[in-house]
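S.K.: Got a structure here, written out as structure tokens. Questions coming.
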Amino acid sequence: MTHADHMREAIGLAEQAKGFTSPNPCVGAVVVNNGRVVGRGFHRAAGLPHAEVEAINDAGARTVGATIYVTLEPCNHFGKTPPCTQQIIKAGITRVVVGCKDPNPFVTGNGIQHLRETGITVETGVLEKECQVLIEDFIWYIQNDKHPFVILKCAATLDGRIATSSGDSKWITGESARAYGHRIRHEVDGILIGSGTLHADNPSLTARVAGKQTKDPARIILDTHLSISDQARVFHLDSKAKNIVVHGPGVPEKRKSRIKDQGAILIETAIRGPGLDLNELMIKLGQMSLLSVLIEGGGTVSGAALKAGIVNKMLYFLAPKFLGGSDGVPVFKGAGPDLIKDAFSLKEMDVLRLDNDLLIQGYLK
């Protein structure tokens, strides 16, 4: 087996913990001795052993003279756990193969350098792109002043509608596409909608994946005037996730108290244009250690997010249906650009088929 084969297995191990490790990145590791995999491990949650330690413990005495494949550069500093470099040296491992370097500019390369100084052979850049995509939210957060990595999710008909003129939207896409969306909910730290979606659908905003333990994201609701009902479903769930309600200035204290009594966290932001200042909100969510946010709002929120420039990645689910009229609800509301050259463009675009639906995904920044 090649370096890529073993790194691919390490990536697969890391993916098992997506959604559970924040604010840490998910990392996988594989120990190989004499061409055989003798140890496997992944970082399960913040505060628990790192992937390298899990794999070393799994391998036992077979680590002597072995190679360890790890998706992210081993740490060389004390945090909630000791440095992984020390564990690698102590285990008698003689070669380390790294997928991608630590994105933190203050520590990047330190682990690699320390291992090399002790005589251990270190190779880097094996399936580097795949390893970076695995932790793209963590990389963005660390390198961009702790701003969350924002994913915008839309589900539309072929003629670009998310609902009929009566507001009916269930269901535009099929079960496979909806299941994929719930998997993304599980992987992110927060899910954001507007009060319009809340009033129309009264959603639970939980993550439900058949046969898998999931984690609900923090529920973030944009509600400029705090019009949300204290009977809203999000306030009465068997869920450990936080409810965060975002409002504008000048809201009466009585309304604030009513929402606080439901256990919600209130965040106030300025008004920017027709709605809340989403850039200010992202700063505040980042300060709360939310590395990633999934926007599942209606046309107003989706349009505002694009115009605010906060969107990193787009997930556009396209169903093979069309309403055939101009009176349905569009994917994006508000004024768009005057010229095609100013249209938003996706980079590194990929297309995935989910039964009869298509998922078009790519990056805006």
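The values are calculated or read from the model by the stated rules, or taken from the named source; none is laboratory data. What you see is a predicted model; the values in this text were computed from it and never measured. Note that we place each Cβ from the backbone using ideal geometry, even for glycine, and neighbour counts take in every protein chain shown. The area values use the complete protein model at the heavy-atom level, side chains included, leaving out ligands, DNA and RNA. Shrake-Rupley method; radii C 1.70, N 1.55, O 1.52, S 1.80 Å.
S.K.: Answer with yes or no whether ILE68 is over 16 Å from GLY28 (Cα atoms) and open to solvent by less than 10 Å² (accessible area, probe 1.4 Å). Quick ask: steps written out before the conclusion?
M.R.: Working: over 16 Å from GLY28 (Cα atoms): no; open to solvent by less than 10 Å² (accessible area, probe 1.4 Å): yes.
No: the conditions fail for ILE68.
S.K.: Got a number for residues in the stretch 125-160 being in contact with a helix residue (DSSP H, G or I) (Cβ under 7 Å, 6 or more places away or on another chain), within 14 Å of LEU72 (Cβ to Cβ) and among the hydrophobic types (A, V, I, L, M, F, W, C)?
M.R.: The qualifying residues number 5.
S.K.: While we're on this one: Do the conditions hold for SER239, that is, is it hydroxyl-bearing (Ser, Thr, Tyr) and open to solvent by less than 40 Å² (accessible area, probe 1.4 Å)?
M.R.: yes
S.K.: Select from the stretch 294-324 the residues that are assigned to a loop (DSSP other than H, G, I, E, B) and either open to solvent by 10 Å² or more (accessible area, probe 1.4 Å) or within 14 Å of ILE151 (Cα to Cα) (or both) and list them in ascending order.
M.R.: At the first step, the residues of the stretch 294-324 found to be assigned to a loop (DSSP other than H, G, I, E, B) are 296-298, 309-312, 319-324.
Result: GLU296, GLY297, GLY298, GLY309, ILE310, VAL311, ASN312, PRO320, LYS321, PHE322, LEU323, GLY324.
S.K.: Follow-up question, since we're still on this one. Take the stretch 338-350 and flag every residue that is open to solvent by 70 Å² or more (accessible area, probe 1.4 Å) and more than 19 Å from the chain's Cα centre (by Cα). Show your work before the answer.
M.R.: Taking the stretch 338-350 and keeping what is open to solvent by 70 Å² or more (accessible area, probe 1.4 Å), we get 338-342, 344-345, 347-350.
Of everything in the stretch 338-350, those that are open to solvent by 70 Å² or more (accessible area, probe 1.4 Å) and more than 19 Å from the chain's Cα centre (by Cα) turn out to be ASP338, LEU339, ILE340, LYS341, ASP342, PHE344, SER345.
S.K.: Kindly indicate the residue of the stretch 353-363 that is touching a residue at least 60 places away in the same chain (Cβ under 8 Å) and open to solvent by less than 80 Å² (accessible area, probe 1.4 Å) and also farthest from GLY160 (Cα to Cα) among those meeting that condition.
M.R.: LEU354
S.K.: What number of residues in the stretch 103-125 are open to solvent by less than 70 Å² (accessible area, probe 1.4 Å), part of a loop (DSSP other than H, G, I, E, B) and within 30 Å of ASP145 (Cα to Cα)?
M.R.: 6
S.K.: Okay, next question. For the subset of the stretch 126-136 comprising residues that are open to solvent by 60 Å² or more (accessible area, probe 1.4 Å) and of a type in the set (D, E, K, R), which member is farthest from ARG185 (Cα to Cα)?
M.R.: Checking each candidate, the answer is GLU128.
S.K.: If a residue must be in contact with a Pro (Cβ under 6 Å, 6 or more places away or on another chain) and modelled with pLDDT under 95, how many such residues does the stretch 96-136 contain?
M.R.: So the answer is 1.
S.K.: Mind listing whichever residues of the stretch 300-332 are within 21 Å of the chain's Cα centre (by Cα) and among the hydroxyl-bearing types (Ser, Thr, Tyr)?
M.R.: Within the stretch 300-332, SER302, TYR316 qualify.
S.K.: Does ARG208 qualify as being under 18 Å from GLY19 (Cβ atoms) and of a type in the set (D, E, K, R)? Even if it seems obvious, please write down each step before you answer.
M.R.: Numbers: under 18 Å from GLY19 (Cβ atoms): yes; of a type in the set (D, E, K, R): yes.
Yes.
S.K.: Here's something else I'd like to know. Kindly indicate whether any position in the stretch 315-322 is touching a His at 6+ places or on another chain (Cβ under 9 Å) and either in contact (Cβ under 8 Å) with a residue 40 or more places away in the chain or among the small types (Gly, Ala, Ser) (or both). Don't jump to the end; show me each part of the working.
M.R.: Applying the first criterion (touching a His at 6+ places or on another chain (Cβ under 9 Å)) to the stretch 315-322 yields none.
No, every residue in the stretch 315-322 fails to be touching a His at 6+ places or on another chain (Cβ under 9 Å) and either in contact (Cβ under 8 Å) with a residue 40 or more places away in the chain or among the small types (Gly, Ala, Ser) (or both).
S.K.: Related question: Return a yes/no flag: does the stretch 137-149 have any residue that is closer than 16 Å to ASN356 by Cα, crowded, with 19+ Cβ neighbours inside 10 Å and either in contact (Cβ under 8 Å) with a residue 24 or more places away in the chain or of a type outside the set (Phe, Trp, Tyr) (or both).
M.R.: No, the stretch 137-149 contains no residue that is closer than 16 Å to ASN356 by Cα, crowded, with 19+ Cβ neighbours inside 10 Å and either in contact (Cβ under 8 Å) with a residue 24 or more places away in the chain or of a type outside the set (Phe, Trp, Tyr) (or both).
S.K.: Among (1) in contact with a strand residue (DSSP E or B) (Cβ under 8 Å, 6 or more places away or on another chain); (2) in a loop (DSSP other than H, G, I, E, B); (3) within 22 Å of ILE220 (Cα to Cα), where does LYS333 come up short?
M.R.: Of the numbered conditions (1) in contact with a strand residue (DSSP E or B) (Cβ under 8 Å, 6 or more places away or on another chain); (2) in a loop (DSSP other than H, G, I, E, B); (3) within 22 Å of ILE220 (Cα to Cα), the odd one out for LYS333 is (1).
S.K.: Something else about it: Does ILE340 satisfy the criteria of being out of contact with any Cys (no Cβ under 8 Å at 6 or more places or on another chain) and free of Cβ contacts under 8 Å to residues at least 24 places away in the same chain?
M.R.: Values: out of contact with any Cys (no Cβ under 8 Å at 6 or more places or on another chain): yes; free of Cβ contacts under 8 Å to residues at least 24 places away in the same chain: yes.
So ILE340 fits the description; yes.
S.K.: Taking only the stretch 10-23 into account, find how many residues are open to solvent by 50 Å² or more (accessible area, probe 1.4 Å) and out of contact with any Ser or Thr (no Cβ under 7 Å at 6 or more places or on another chain). Before the answer, list the steps.
M.R.: Step one: filter the stretch 10-23 for residues open to solvent by 50 Å² or more (accessible area, probe 1.4 Å), giving 15-16, 20, 23.
Narrowing the set further to residues that are out of contact with any Ser or Thr (no Cβ under 7 Å at 6 or more places or on another chain) leaves 15-16, 20.
Of the residues in the stretch 10-23, 3 are open to solvent by 50 Å² or more (accessible area, probe 1.4 Å) and out of contact with any Ser or Thr (no Cβ under 7 Å at 6 or more places or on another chain).
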